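Okay, structure first, notes after.
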Amino acid sequence: MISPPIPGEKILVRFDGICILCSKTVRFILKADRKKKFQFQSLQSTSDSQDFETIIVLEGKKTYTHFDAVLKIGKELGGIYRMVAVFRILPQSWRKSIYLWIARNRFRWFGKRESCYLPSEEEKDRFI
């Protein structure tokens, strides 16, 4: 997939648009992101697809996936959200395994939308 241009010093978060857990996470980031660093791009998986088992965070030429993307988001949000960095004590392979276990079960545990997540009028400028 070709990366869209990311304006200025923004950070792009790609997420599974039909995943309720993913959509709620994006809504959380939107509220916590006081500096409006993040832009978002919804990617739609199919109901039986595991293609989007990861959130993808793009900053410049750097790409973060799986739990590393979560760590990057926490770091950039700052404040108390930086505490997610405590998970760095776990080996990267463990963090990825935990992340993938949650990702594989996300539809069963949290459900899925019938269509891709749509931003509100106030949020539209934050979405690509």
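In the chain, the DSSP-assigned H stretches of four residues or longer account for a calculated mean residue ellipticity at 222 nm of -11000 deg cm²/dmol, using -39500 (n - 2.57) per stretch and the full residue count as denominator. Comparing T54, T65, T25 in a Gaussian network model of the chain where C-alpha atoms under 10 Å apart are linked, the largest mean-square fluctuation is found at T25. Specify which labelled value, from [x] 43; [y] 38; [z] 47, agrees with percent of Cα pairs over 20 Å apart derived from the coordinates of the model shown. After the calculation, the listed value that fits is [x]. All other residues whose Cβ lies under 12 angstrom from that of K75 are scored, Lys and Arg at +1 and Asp and Glu at -1, for a net of +1.
Under a 5 Å amide H cut-off, with hydrogens placed 1.01 Å from N, T63 pairs with nothing among residues at least 5 apart or on other chains. Ligands, DNA and RNA excluded, the heavy atoms of W101 present near 140 Å² of accessible surface to a 1.4 Å solvent probe. Take the chain with all the other protein chains still there, run a 1.4 Å probe, and you get 63 Å² of accessible area per residue.
Remark: spin-label model distance R88-K61 equals 2.3 nm, labels positioned 7 Å along the Cα→Cβ axis. Scanning the chain for GluC sites (Glu not before Pro) lying in DSSP loops with no more than 12 further Cβ atoms inside 10 Å, the longest uninterrupted stretch between such sites is 10-113.
Could you give the C-alpha radius of gyration of segment 64-124 expressed as a fraction of 2.2 N^0.38 Å, taking N as the number of residues it contains?
Cα-based Rg divided by the globular estimate yields 1.38.
Under 5 Å from the amide H of D16 lie the amide H atoms of L43, each residue being 5 or more positions distant or on a separate chain, with H modelled from the backbone and absent for Pro and chain starts.
The values are calculated or read from the model by the stated rules, or taken from the named source; none is laboratory data. What you are looking at is a predicted structure, and each value in this text was computed from that prediction instead of being measured. Because the Cβ atoms are built from the backbone with ideal geometry, glycine has one as well, and the counts that use them run over all protein chains shown. Remember, those area values only see protein heavy atoms, side chains included, never the ligands or the DNA or RNA. Shrake-Rupley method; radii C 1.70, N 1.55, O 1.52, S 1.80 Å.
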